[in-house]
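Working notes for the structure below.
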Amino acid sequence: MRSVPGGARVPASRRIGRTLVVVAAAVTTLISTVSVQATDIPPPGEIVTSANVSHVTNVPKPAGLETTINTDIAFQGDYAYVGNYGGFSIYDIEDPKRAEVVSSVVCPGYQMDVAVYGDLLFTAVDNSRSDDSCSSVGQVASLKESWEGVRIFDVSDKRNPRYVKAVETDCGSHTLTLVPGKGRDRRDVYLYVSSYNPSASFPDCRPPHDKISVIKVPLRNPEGAAIVGTPVVFPDGGNESQPGLLLPTSGCHDITVYAEKDIAAGACMGDGVLFDISDREKPVVTARVTDPNFAFWHSATFNNEGTKVIFTDELGGGSAATCNEAIGPNRGADAVYDLKRGRFAFRSYFKIPRHQADAENCVAHNGSLIPVKGRDIMVQAWYQGGVSVVDFTDSARPQEIGFFERGPEPKGGVGGFWSAYYYNGHVYGSDFHNGLDVIKINDKRTDPARGVRPDRLNVQTQASYRERGHGH
């Protein structure tokens, strides 16, 4: 998501906020001519589900983070790590029915994208701050001494996380992707940092910015984490002139790696790309694609075989109501691509079939595979469109097979699910305002996934899964 309440930079979470006011106003004007029937919309805040989906529990946001919105989720062992514009929380999910907050850290700096590995938690800050500390305040990016980038915490003591290190990156860190090292680097991890929307007035974020930042983290000495490269993704410039783009390409929004296969998929604003990541420090673009129906390439998901990629289009930047008849089925949607001989082959679009109210922000957002051997099934967040379970085994005919959603925000404004991920038998949804939801799907098509029990899940760090036993 790009629209952000508060903050000082007026930059990408930042400057795009102004853009979204115009975009949202235009979309609202458009959809006012085709209003959704009130009888099709659940009452404000009321939960509705498909017959095969049930609500297990909800855990409200903890004190100190209750006024800022929840964002992404990472998992390890019996714990979920939930980002929030104001910091992060650690949840004990050993018994999903009794999930509870173990601790929370107030450390402002949106978006707070998160990844976990061993005793380390990595958090992304795309909000210009006065310094890298948790007591920092927002400060304009036009000041050279302003900071944004990646913070690293030691979470070995779940009740008392410890701040370890900060690494500043150009234009901050809107998202981050953990990449395991290999060979001689197997005791290290890398972070691919995505950021964008430069300005000539920002000393640390000047155009052109068609690159990512690569941070190397020695697991035995995380204090030694440092940038080891800033590979350029678009040496000749990205997609900047296509009609309908939310913003011209100036970097990537998010990257998903499939480390075992040495490939990654980049959702890069106006472009989708495929990387060869054989050399972790020097990812190389091997394929690129654009789509006239895509306004903002937001995120990517491989299937288990690595033969397909689903890209999401965050039309309206996450604050607009785009799940309606006026916008139609091909915009603000998922696009399904087969990978053939290292190239993208478009097959279809998918969008939730349930129209949302004109005041409900709704668009394709973060999701993960449900690990069912022999099938391609995904669970995905759609902001106020709720949580959708999608079978895309047939690339040309993806279909929703389950859903969970709430009626419009009782107090109005934006809300809904930022992320929805499957982990060890349950779906966990990070809701802007309502906290952490635990959801279960009971369906013969997804039941085999219960036999897959990974001990860690960073969704943008995909790993193959087996039908039984522990994953990677």
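The values are calculated or read from the model by the stated rules, or taken from the named source; none is laboratory data. These numbers come from a predicted model, not from an experiment. Positions of Cβ are backbone-derived with ideal geometry, glycine not excepted, and every protein chain shown enters the neighbour counts. The protein model used for the area step is the full one, side chains on, heavy atoms only, and it has no ligands, DNA or RNA in it. Shrake-Rupley method; radii C 1.70, N 1.55, O 1.52, S 1.80 Å.
Just going by the charge dipole of the chain, with Lys and Arg at +1 and Asp and Glu at -1 on Cβ, which of 141, 176, 111 is farthest out on the positive end?
Working it through, the farthest residue towards the positive pole turns out to be 176.
Kirkwood hydrodynamic radius, the stretch 227-353, all distinct C-alpha pairs: what's the number in Å?
Computed over the stretch 227-353, the radius equals 14.9 Å.
Under a Cβ-Cβ cut-off of 14 Å, what is the net charge of the residues other than residue 261 that fall near it, where Lys and Arg count +1 and Asp and Glu count -1?
-1
Using Cα positions and a limit of under 23 Å, work out the lysines in reach of residue 216, with same-chain residues fewer than 8 apart set aside.
Leaving aside lysines fewer than 8 places away in the same chain, those within reach of residue 216 are 165, 182, 261, 282.
Roughly speaking, what is the centre-to-centre gap between the stretch 325-366 and the stretch 182-250 when only Cα atoms are used, to the nearest Å?
When both Cα centres are located, 26 Å separates them.
How would you order 321-329, 380-388 from highest to lowest mean count of nearby Cβ atoms within 10 Å? Could the numbers behind the result be given before it?
Numbers: 321-329: 20.9, 380-388: 27.9.
In decreasing order of mean packing, 321-329, 380-388 become 380-388, 321-329.
Report the calculated FRET efficiency for residue 262 and residue 455 (r = Cβ-Cβ distance, R0 = 22 Å), to the nearest 0.05.
Details: r = 23 Å, r/R0 = 1.03.
Rounded to the nearest 0.05, the efficiency is 0.45.
Using just the helices of the chain, give the 222 nm mean residue ellipticity in deg cm²/dmol: DSSP H runs with n ≥ 4 each add -39,500 (n - 2.57), and the total is spread over all residues, rounded to 500. Can you show the working numbers first?
Working: 1 runs with 16 residues, N = 472.
For the chain, the value works out to -1000 deg cm²/dmol.
With Rg and Dmax of the Cα atoms in Å defined as stated, name the option among (i) 21.6, 68; (ii) 26.5, 85; (iii) 20.2, 61 computed from the structure displayed.
Matching the structure shown: (iii).
Give me Rg over Rh for the stretch 92-156, both radii from the alpha carbons and Rh done the Kirkwood way, two decimal places.
1.09
Report the local net charge at residue 357: Lys and Arg +1, Asp and Glu -1, summed over other residues whose C-beta lies under 15 Å from its C-beta.
Spelling it out: positives minus negatives among the neighbours equals -4.
Roughly how many Å² is the accessible area per residue of the stretch 172-315, as a whole number, for a 1.4 Å probe?
Result: 34 Å² of accessible area for each residue.
Which of the aspartates and glutamates could a cross-linker bridge to residue 144, judged by Cα under 15 Å and excluding same-chain residues fewer than eight apart?
Within the straight-line cut-off, residue 144 pairs with 131, 132, 168, 170, 204.
Sorted by mean Cβ packing within 10 Å, highest first, what order do the peptides 276-286, 429-439 take?
In decreasing order of mean packing, 276-286, 429-439 become 429-439, 276-286.
Net charge near residue 213, counting Lys/Arg +1 and Asp/Glu -1 over other residues with Cβ under 10 Å of its Cβ?
With Lys, Arg at +1 and Asp, Glu at -1, the net is -1.
Evaluate the distance, in nm, between pseudo-label points positioned 7 Å from the Cα of residue 230 and of residue 393 along their respective Cα→Cβ axes.
4.7 nm
Tell me, what % of the accessible area of the chain is carbon and sulfur with a 1.4 angstrom probe?
Ligands and nucleic acids excluded, carbon and sulfur reach 49 percent.
To the nearest 20 debye, what charge dipole does the chain have about its Cα centre, counting +1 at the Cβ of each Lys and Arg and -1 at the Cβ of each Asp and Glu?
In total the dipole reaches around 700 debye.
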